[in-house]
Amino acid sequence: MSRPDVADRRLLSVRDLRLRVGGEAHDVVRGASLDAARGEVVGIAGESGSGKSLTLRAIAGLLPTGVTVAGGDIEVDRVDVVKAGPQTLRKLRGATVGMVFQEPMTALNPTMRIGRQIAEAALAHGDLSRSQAKARAIELLERVGFPEPARRYRQFPHQLSGGMRQRVVIAIALAGNPSLLLCDEPTTALDATVTLRILDLLTDLVRDLGIGIVFVTHDLGVAARICDRIAVMYAGQVVEEGPTAELLRRPRHPYTLALLRAVPTRDRDIDGLRAIPGNPPQRGEELPGCAFAPRCEYAEPACRSEIELVPVDDDRSTSCRRHSVLAAMAGGHHD
Amino acid sequence: MTEPLLEVRDLAVTFGSGRGWGGDRGRIHAVRGIDFSVRPGEAFALVGESGSGKSTTAKCVAGLQKPTRGSISFAGSPLDPARNREQRRAIQMVFQDPYSSLNPRMTIGAALVEILRVHRLAGSRAAAVKRAAELLDLVGMPRSALDQRPRAFSGGQRQRLGVARALAVNPSLLVADEPVSALDVSIQASVLLLLKRLQRDLGLTMLFISHDLAVVRQLCDRVAVMADGRIVEEGAVGRVLSEPSADFTRTLLAAATDLPPLDLDLDLDQDHRSPKRRSTR
C-alpha cells in the first residue's frame with residue numbers, strides 16, 4: 001500500500017492499528033492501515049461501529065478514556081503519535097493537525113464571539129500579539145467564506161446557520177496552520193445544498209493551502225464527491241483501499257460491492273436495490289479472519305482464518321482472498 | 001379519475017404567538033398555505049430540506065399537530081383536530097428514529113396486543129396474539145420477537161417493528177417521516193424493500209417525507225418539492241427528477257451526491273460462487 005510517488009508529500013501513515021476498549025477481550029479496530037499526503041483527500045468510509053471515528057481520533061491522539069492502542073504505528077509528519085507524551089501531542093494538535101467534528105454547535109463556545117474563538121486558537125498555536133491574532137481571525141473568516149469578515153467577527157454562534165457554524169469550526173482548525181485536517185462527518189448534520197458548499201470549501205483549502213485531509217463519512221455519495229482515495233472499513237478492519245472512481249466503479253471487496261448495491265440512486269429503480277443479508281457484528285464479538293465472511297456470498301471456509309490487506313493492480317489494496325472473482329466481473333471499459 | 005383519499009387545502013401552520021418580544025418577527029411560518037392530494041394506492045412524497053415544513057405537514061395529516069388554517073379531508077369527509085377513533089385508526093405514522101418510537105418497557109407482543117385491543121380489532125386476547133404474530137411475518141421478523149423488548153433489536157429491525165405497529169390497525173394511509181434516514185446504508189435497503197413490498201401487496205397508500213431524492217425515486221409515484229413552507233413544484237417523480245421546472249428543484253438535484261455507475265458484470269458471478277454454493281445446485 002505504500003506509494004512511492006507520494007513519499008515526499010507523505011503526512012500520515014497508519015500501520016496495522018489495533019484499538020481496544022477497556023476490559024473487552026477483543027479489539028474494536030483490528031488492523032487498520034492508511035496513508036495520506038499533502039494535496040489529497042483520503043476518505044474513511046464505513047457504517048456505525050466500523051471503527052472509522054476511533055481510527056481518526058487515534059491519529060489526533062484524542063482517544064476517549066478507556067480506549068487504548070493495542071498495537072500498530074501512527075506517524076503524523078514524522079511524529080510517532082502512539083509513543084508521544086501529552087506535551088508533544090498538544091503541540092501536534094493545532095500546529096500539525098486540525099480537527100473538524102460533526103456537530104458545529106457543540107464544538108463552539110455559545111457565549112463567545114466567533115472571531116474571538118478563532119483568535120484564541122491562533123494565539124495558542126502561534127507567536128502572535130493580540131492584535132495580530134485578531135487580524136489573523138478576520139483573515140481566516142474571509143478564507144472560509146464569510147463576506148464582511150470584520151463585522152462577522154463580533155457575531156455569536158447562535159446567530160449563524162449550521163453551515164456557517166461549520167465554517168467557523170474549520171477556521172478554528174486552520175488557525176494553527178496545520179498541514180493535516182481531520183474531519184469527522186463534517187457535513188452529516190447539514191442539508192444537501194449546504195453540504196455541497198462545505199465540500200467545495202474543503203476542496204479549495206486542499207488546493208490553495210496544500211494541506212491533506214482525512215475525511216470520515218458514512219455516506220459514499222459524499223465520499224465520491226470529495227475524496228481522491230477511499231478506505232472502506234467494516235467491523236474494525238480496512239477491507240479495501242484505492243482511488244475513488246476505481247473503487248466505486250469496480251470494487252475489489254464484496255462488502256464494498258454489497259454497500260454500493262444497497263444505496264438507492266436516482267438512476268436505478270428499486271428492483272436493482274439489494275439489501276445486505278444479516279447484521280453487522282456486535283462490538284466485542286470474536287471475529288476470526290474476515291469480519292464480513294458470515295454475510296458474504298463469495299465466502300469460502302478459508303475466509304474465517306487470518307486475512308491481510310494485499311496490493312492489487314498498481315494502486316489499490318483489498319483484504320478479500322477472493323478478489324480475483326470480482327476482478328473477473330469488471331467490465332471491459334477500462335479508462 | 002379516482003377520488004383522492006387525502007385532500008389538503010390551504011394548510012398553514014404558524015408557531016409562536018406573535019406577541020411579546022420581537023412581535024410578529026417572533027412568529028415562525030412553518031407551512032404557508034399548501035394544497036395537495038393523494039389518490040388511493042398512490043405513494044406521494046413531500047421532499048425538502050430542514051425547515052421546509054415537510055414534517056410539520058406530515059404531523060398535521062397524522063393529527064399530531066393542529067393546523068393554524070386550512071382543511072384536511074380524508075376519504076371525502078373533513079378531519080377535525082379532535083378525531084374519532086375510526087379516523088385515528090385509518091391514518092398511521094412511521095417515525096424517523098426507531099430507537100425512540102417503541103416503548104422500551106413493553107415486549108413487542110404486549111405493545112401490538114394493546115393497540116389491537118384499544119382499537120377493538122381483536123375479539124379475544126388469543127386472537128390479538130395471533131394477529132400480532134401475523135404482523136411480524138408481514139414485516140419479515142421472527143415470531144420469537146413477540147416476547148422480546150425493543151433493546152434486543154438493531155435499528156433496522158426496530159424500524160420493521162415500527163412498521164408492524166403502524167400496520168396493526170389496518171390503516172388506509174401510512175405517513176412515513178424519513179423512515180430510513182437514521183439507519184445505516186446496509187440496513188436502509190431492507191426497509192425500503194419492505195415498504196415497496198407492502199405497497200405492492202397491500203395496495204397501501206403512503207405519504208412519504210424525505211430529504212433524499214434517490215429514496216423518493218425508489219418508492220414514490222408523485223412528489224411535491226417544498227421550500228420555506230410552500231410547494232414549489234409537484235408532479236410525477238420521473239418527470240420532476242428528469243425535467244425539473246422550479247429553480248429550487250434544480251438546486252436540490254445539483255446538490256444530490258450520486259455514485260458513479262458500477263462497472264461490474266454481475267451476471268458473471270454465477271460461475272464464480274464459492275464451491276459450497278455451487279455443489280448445492
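Here is a yes/no grid of residues against (1) surrounded by fewer than 17 Cβ atoms within 10 Å (Cβ to Cβ); (2) without any contact (Cβ under 8 Å) to a residue 40 or more places away in the chain; (3) not in a loop (DSSP other than H, G, I, E, B):
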position	(1), (2), (3)
A:Glu24	yes, no, no
A:Ala58	no, no, yes
A:Pro64	yes, yes, no
A:Leu92	no, yes, yes
A:Gln102	no, no, no
A:Thr106	yes, yes, yes
A:Thr111	yes, no, no
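Quick check: is even one residue across the range B:151-164 within 14 Å of chain A (Cβ to nearest Cβ), part of a helix (DSSP H, G or I) and surrounded by fewer than 17 Cβ atoms within 10 Å (Cβ to Cβ)? Steps first, please.
Going residue by residue through the range B:151-164, those that are within 14 Å of chain A (Cβ to nearest Cβ) are B:151-160.
Still in the list and also part of a helix (DSSP H, G or I): B:151-152, B:155-160.
Among the residues that remain, those that are also surrounded by fewer than 17 Cβ atoms within 10 Å (Cβ to Cβ) are: B:151-152.
The answer is yes; a qualifying residue exists.
So which of A:Arg30, A:Arg18 ends up being surrounded by fewer than 20 Cβ atoms within 10 Å (Cβ to Cβ) and in contact (Cβ under 8 Å) with a residue 24 or more places away in the chain?
On the way: A:Arg30 fails: surrounded by fewer than 20 Cβ atoms within 10 Å (Cβ to Cβ).
After applying the criteria, what remains is A:Arg18.
May I ask you to list pairs of residues, at least six apart or on different chains, whose Cβ atoms are under 6 Å apart, with the first in the range B:179-202 being of a type in the set (D, E, K, R) and the second being surrounded by fewer than 22 Cβ atoms within 10 Å (Cβ to Cβ) and not in a helix (DSSP H, G or I)?
Going by the 6 Å Cβ cut-off, the qualifying pairs are B:Asp184/A:Glu47; B:Asp184/A:Ser48.
Report, by residue number, each residue of the range B:249-278 that is more than 9 Å from chain A (Cβ to nearest Cβ) and modelled with pLDDT of 90 or more.
B:Thr249, B:Arg250
Which condition breaks for A:Ala275 when tested against (1) surrounded by fewer than 21 Cβ atoms within 10 Å (Cβ to Cβ); (2) in contact (Cβ under 8 Å) with a residue 12 or more places away in the chain; (3) more than 9 Å from chain B (Cβ to nearest Cβ)?
The one condition A:Ala275 does not meet is (3).
Suppose we filter A:Thr111, A:Thr65, A:Thr96 for residues that are in contact with an Asp or Glu (Cβ under 7 Å, 6 or more places away or on another chain) and of a type in the set (Ser, Thr, Tyr); which single one remains? Spell out how you get there, then give the answer.
Numbers: A:Thr111 fails: in contact with an Asp or Glu (Cβ under 7 Å, 6 or more places away or on another chain); A:Thr65 fails: in contact with an Asp or Glu (Cβ under 7 Å, 6 or more places away or on another chain).
Result of the check over A:Thr111, A:Thr65, A:Thr96: A:Thr96.
Scan the range A:301-322 and tell me whether some residue there is surrounded by fewer than 18 Cβ atoms within 10 Å (Cβ to Cβ), more than 10 Å from chain B (Cβ to nearest Cβ) and at positive phi.
Yes, some residue in the range A:301-322 is surrounded by fewer than 18 Cβ atoms within 10 Å (Cβ to Cβ), more than 10 Å from chain B (Cβ to nearest Cβ) and at positive phi.
Looking at the range B:183-206, can you tell me whether even one residue there is at pLDDT 95 or above, away from every other protein chain (no Cβ under 13 Å) and crowded, with 20+ Cβ neighbours inside 10 Å?
yes
Can you name the residue in the range A:26-39 that is touching a strand residue (DSSP E or B) at 6+ places or on another chain (Cβ under 6 Å) and not in a strand (DSSP E or B) and, of all such residues, is nearest to B:Leu183 (Cα to Cα)? Explain how you work it out, then say what you get.
Residues of the range A:26-39 touching a strand residue (DSSP E or B) at 6+ places or on another chain (Cβ under 6 Å): A:27-38.
Applying the additional criterion that residues be not in a strand (DSSP E or B) yields A:27-28, A:38.
Values: A:Asp27: 24, A:Val28: 21, A:Arg38: 34 Å.
Among residues in the range A:26-39 that are touching a strand residue (DSSP E or B) at 6+ places or on another chain (Cβ under 6 Å) and not in a strand (DSSP E or B), the one nearest to B:Leu183 (Cα to Cα) is A:Val28.
One residue is enough: does the range B:224-233 have a residue meeting the conditions touching a His at 6+ places or on another chain (Cβ under 6 Å) and either of a type in the set (Val, Ile, Thr) or closer than 30 Å to B:Lys130 by Cα (or both)? Spell out how you get there, then give the answer.
First, the residues of the range B:224-233 that are touching a His at 6+ places or on another chain (Cβ under 6 Å): B:229.
From what is left, the residues that are either of a type in the set (Val, Ile, Thr) or closer than 30 Å to B:Lys130 by Cα (or both) are none.
The answer is no; no qualifying residue exists.
The values are calculated or read from the model by the stated rules, or taken from the named source; none is laboratory data. The structure presented is a predicted model; accordingly, all values stated were derived computationally and were not measured. Every residue, glycine among them, receives a Cβ derived from its backbone with ideal geometry; neighbour counts consider all protein chains shown.
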